[in-house]
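The values are calculated or read from the model by the stated rules, or taken from the named source; none is laboratory data. This structure is a prediction, so every number in the text was calculated from the model and none was measured. Cβ atoms come from the backbone with ideal geometry, glycine included; neighbour counts cover every protein chain shown. Ligands, DNA and RNA are stripped out before the accessible areas are found, and what is left, the full protein with its side chains, is counted by its heavy atoms. Shrake-Rupley method; radii C 1.70, N 1.55, O 1.52, S 1.80 Å.
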Amino acid sequence: MRLNYPGTIRVVRVPCTGKVDVLHILRAFEKGADGVYIVGCLEGDCRFENGNLRARKRVEQAGEILKAIGIGGDRVKMYNLSSGEGTKFAEFAVEMTEKIKELGPNPLKKAKEKMAA
Amino acid sequence: MIVADKKPIEEIIDMVKDFKKLLIVGCNECVTVCEAGGKKEVGILASALRMYFMNEGKKVDIDEITLERQCDHEYLEELRNNIDQYDAVLSLACGVGVQFMAEKYFGTPVFPGVNTCFMGVTEERGVWSERCQGCGQCMLGKTAGICPISRCAKRLLNGPCGGSTKGKCEINKDLDCAWQLIIDRLKELGRLDDYEEIIPIKDWSTERAGGPRKVVREDVRL
Ligand code: SF4
Ligand code: SF4
């Protein structure tokens with residue numbers, strides 16, 4: 001299966017989405033990411049029982065923080081699929097990219113430029 | 001342990017918004033266990049504040065450190081050589097740590113980063129509940145190991161009251177009646193005779209009602 005997905009996405013592999021912490025998500029934004037999404041296994045199918053459920057909670061927490069500090073809570077999202085669903089992986093990538101295009105770039109980029117000027 | 005809860009980030013921003021160099025100090029003890037003020041929470045808060053200030057176009061330097069404890073001189077002393085670099089400290093320790101920091105570093109503004117709630121247990125991940133109010137004269141030996149001071153809404157010493165219904169307290173149907181718990185456990189232990197004994201009026205002077213308290217132990221003083 002050779003599927004294309006937007007080349008702007010940088011994939012970070014983790015052994016289980018349960019490994020992803022709120023801090024990892026925030027750091028990505030601090031470093032200038034426009035959006036972050038986590039793709040985990042289907043809920044109920046986690047090899048480690050609740051890794052993907054933890055990930056969902058952390059995504060929610062990160063979203064709340066990003067909202068509170070004015071970066072925007074919609075820039076982070078949790079997706080789930082089974083390992084056989086490559087087409088879905090590509091679909092999620094497209095969906096998220098569209099969403100981020102709509103929201104525009106990470107506001108910190110502009111702020112950084114302004115401060116440097 | 002001492003259980004604390006996170007403060008809303010908006011409230012924290014409001015406290016520290018006028019400073020240019022900020023130190024966020026976590027504590028490795030109770031607040032780490034209750035996931036409110038440990039190294040991880042320090043990191044998250046620091047990252048969030050950095051982004052907030054940058055987005056506002058403000059240049060604010062934020063450093064992070066997590067001490068073993070903030071309620072003992074020796075650990076707080078670790079900040080001695082660097083504290084003057086900072087305009088303010090945001091402490092994620094319980095109120096005890098925040099105050100000890102303020103006492104020690106008199107010229108540095110110190111702000112609390114958590115809400116300190118009570119002395120309690122981890123019932124399950126993410127659920128903490130109160131168990132002790134430090135009354136200064138523990139009576140758990142008479143009450144089957146269940147504390148009526150912290151767990152009975154009326155702090156009754158000879159309960160239950162008339163509001164106890166189906167094992168629940170009248171103030172909240174999800175709250176166990178402490179006295180029901182006491183009776184159940186005494187029954188289980190075959191010690192219901194203890195229940196027949198009237199507990200005399202408690203000397204509340206050792207509790208917070210008697211003013212700020214202090215323990216002085218000549219046997220261990222240097
Ligand atoms: S009786 Fe007093 S010291 Fe003992 S657990 Fe209750 S509040 Fe704490
Ligand atoms: S119902 Fe039980 S726990 Fe609640 S106030 Fe009465 S005796 Fe105390």
Segments B:177-186, B:105-114 sorted - mean Cβ within 10 Å per residue, highest first: B:177-186, B:105-114
Three principal axis lengths of the protein assembly as shown [C-alpha, angstrom, descending]: 78, 54, 33
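Strictly greater than 15 Å: what percent of every Cα pair in region B:59-128 meets that? Display every interim value, and only then the final one.
On the way: 1393 of 2415 pairs.
In whole percent, the long-distance tail amounts to 58.
Taking each residue in B:17-27, count the Cβ atoms of any other chain within 10 Å of its Cβ, then average. What number comes out?
Details: counts 0, 0, 0, 0, 0, 0, 0, 0, 0, 0, 0.
Counting other chains' Cβ atoms within 10 Å and averaging over B:17-27 gives 0.
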Angle in degrees between helix A:107-116 and the longest Cα principal axis of chain A, rounded to the nearest 10: 30 degrees
Cα long-axis angle, helix B:95-104 against chain B (0 to 90 degrees, to the nearest 10): 50 degrees
Separation of alpha-carbon centers, region A:1-69 and region B:90-161, rounded to whole Å: 36 Å
1.4 Å probe accessible area per residue over region B:91-173, in Å²: 54 Å²
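Could you give the longest part of chain A that holds none of the trypsin sites (Lys or Arg not before Pro) found in DSSP loops with at most 10 neighbouring Cβ atoms within 10 Å?
Working: sites that count: A:2, A:10, A:13, A:31, A:47.
Of all site-free stretches, the longest is A:48-117.
Please compute, for peptide A:16-26, the average count of beta-carbon atoms on other protein chains lying within 10 Å of each residue's beta-carbon.
Numbers: counts 0, 0, 0, 0, 0, 3, 6, 10, 1, 2, 8.
Per residue, the average neighbour count from other chains is 3.
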Label-point gap, in nm, between residue B:206 and residue B:84 - each point 7 angstrom along Cα→Cβ: 4.6 nm
Whole-angstrom gap from region B:1-30 to region B:184-202, using each part's C-alpha centre: 44 Å
Angle in degrees between helix B:178-189 and the longest Cα principal axis of chain B, rounded to the nearest 10: 60 degrees
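Hey, got the dipole for region B:1-59? About the Cα centre, +1 on K and R Cβ, -1 on D and E Cβ, debye to the nearest 20? Spell out each step's value before the answer.
Details: 10 positive and 9 negative charges, 81 e Å.
Result for region B:1-59 is approximately 380 debye, rounded to the nearest 20.
Please report, as a whole percent, how much of the solvent-accessible surface of region B:88-180 comes from carbon and sulfur atoms (probe radius 1.4 Å).
Here carbon and sulfur together make up 55 percent of the probe-accessible area.
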5 Å-binned pair-distance histogram of region B:139-178 (Cα, whole percent): 6, 29, 33, 21, 9, 2
P(r), alpha carbons of chain A - 5 Å bins starting at zero, rounded %: 2, 11, 21, 22, 20, 13, 6, 3, 1, 0, 0
Pairwise Cα inverse-distance average, inverted: Kirkwood Rh of chain B (Å): 20.1 Å
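Which whole number in µm²/s is D for region B:138-210 by Stokes-Einstein, with the Kirkwood Rh taken over Cα pairs at 25 °C and 0.890 mPa s? Please list the in-between numbers first.
Values: Rh = 12.7 Å.
This corresponds to a translational diffusion coefficient of 194 µm²/s.
Looking only at other chains, what is the average number of their beta-carbon atoms within 10 angstrom of each beta-carbon in A:64-71?
Across the residues of A:64-71, the mean count of other-chain Cβ atoms within 10 Å is 5.
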For region A:73-79, 3J(HN,Hα) per residue [Karplus equation, 6.51 cos²θ - 1.76 cosθ + 1.60, θ = phi - 60°, Hz, x = Gly/Pro]: x, 7, 7, 10, 8, 10, 10
For the pair B and A, total buried accessible area rounded to nearest 100 Å², probe 1.4 Å: 1600 Å²
Choice from A:60, A:43, A:102 with maximal GNM fluctuation in chain A (Cα, 10 Å cutoff): A:102
Listed residues A:28, A:93, A:62, most fluctuating in chain A (Gaussian network, C-alpha, under 10 Å): A:28
Most positive-pole-ward Cα, B:159, A:35, B:97, against dipole of the protein assembly as shown from beta carbon charges: A:35
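Using the crude model of +1 on Lys and Arg Cβ and -1 on Asp and Glu Cβ, and no other charge, please compute the dipole size for the protein assembly as shown relative to its Cα centre, in debye to 20. Don't skip to the end; give the middle numbers.
Working: 52 positive and 51 negative charges, 178 e Å.
Here the protein assembly as shown has a charge dipole of around 860 debye.
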From phi via Karplus (6.51, -1.76, 1.60), per-residue ³J(HN,Hα) for region B:53-67 in Hz, x at Gly/Pro: 5, 4, 5, 7, x, 9, 8, 10, 8, 10, 10, 10, 8, 10, 8
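Could you rank the peptides B:49-60, B:120-131 by their average count of other C-beta atoms within 10 Å per residue, with the highest value first?
Final packing ranking: B:49-60, B:120-131.
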Cut-off under 5 Å, modelled amide H: who pairs with residue B:7 long-range: B:115
Set of aspartates and glutamates near residue A:88 by C-alpha distance (under 19 Å), chain-local residues within fewer than 8 positions excluded: A:43, A:45, A:98
